[in-house]
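Peer 1: My questions will all concern the structure given below.
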Amino acid sequence: MQDRPGHEELMRVRRDAELVYGRQEIEAALDRMAAAITARLADRDPILLAVMIGGIVPLGALLPRLQFPLQVDYLHATRYQGSTRGGHLAWLRKPGLSLKDRSVLIVDDVLDHGITLAAILEDCRDAGAREVLTAVLISKRLALRKGLQAADFAALETGDRYLFGWGMDYHGYLRNGEGIYAARIQA
């Protein structure tokens, strides 16, 4: 893990960032995504899995919008560990609930290159899940993805930029932004 950024750096990154999506746009997009998820999973007794740490904000925003029986659990697999560049996949926690013969919806903050999400999907299938779907707050438009090519549900889209806010972080900070921001740094 890299050294923690100083307060001045964090304030500069936040001040200089571009607002990509504001709260109202995010809320409207989550309403649309929740309707699509409901249409697909309302009768399937699904398990929703938050991908820690970034997936807790989108999952928390989705839960009150999903008015059908479901269970919630989490997992923690990461390639970033506080860095702005992905490395080796590290499993910190696998789901506690049994996934056998269940519909599973993996909820994460962002679909970037899809390597982490592809590994998570494979692990859920290996655990016996009947079906495994993905929902992300934002999907980046990339010319080439190395892992999962597309999420089943994506609330928003953007280009290949370094994002923070609404669960996405800058060196482990700034996840609590009221909007989604693009940092003006080299990602």
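What follows draws every value from the coordinates through simple rules; no lab data is involved. It should be emphasised that the depicted structure is a prediction, and the values quoted were computed from it without experimental measurement. Note that we place each Cβ from the backbone using ideal geometry, even for glycine, and neighbour counts take in every protein chain shown.
Peer 1: With a sphere of radius 11 Å drawn around the Cβ of Asp16, what net charge do the other residues whose Cβ falls strictly inside it have (Lys, Arg +1; Asp, Glu -1)?
Peer 2: Overall, the nearby charge balance is +2.
Peer 1: Next up: What label, among (i) 50, 47, 33; (ii) 109, 43, 28; (iii) 49, 35, 30, belongs to Cα extents along the principal axes in Å computed from the structure on display?
Peer 2: Here Cα extents along the principal axes in Å agrees with entry (iii).
Peer 1: Relative to the longest principal axis of the C-alpha atoms of the chain, give the angle of the C-alpha long axis of helix 23-41, reported between 0 and 90° and rounded to the nearest 10°.
Peer 2: Once rounded, one gets 20 degrees.
Peer 1: When only DSSP loop residues count, what trypsin sites (Lys or Arg not before Pro) in the stretch 17-116 have their Cβ near at most 13 other Cβ atoms within 10 Å?
Peer 2: Qualifying residues, ordered by number: Arg85, Lys100.
Peer 1: I'd like to compare 141-149, 66-74: which one has the highest average count of other Cβ atoms within 10 Å, and what's the full order after that?
Peer 2: Answer by packing, highest mean first, reads 66-74, 141-149.
Peer 1: Any aspartates and glutamates with Cα under 12 Å of the Lys140 Cα? List them, leaving off those in the same chain fewer than 8 positions away.
Peer 2: Asp109, Asp112, Glu157, Asp160
Peer 1: List the aspartates and glutamates whose Cα lies under 16 Å from the Cα of Lys94, skipping any in the same chain that are fewer than 8 positions away.
Peer 2: Partners within reach: Asp73, Asp108, Glu122, Asp123, Asp126.
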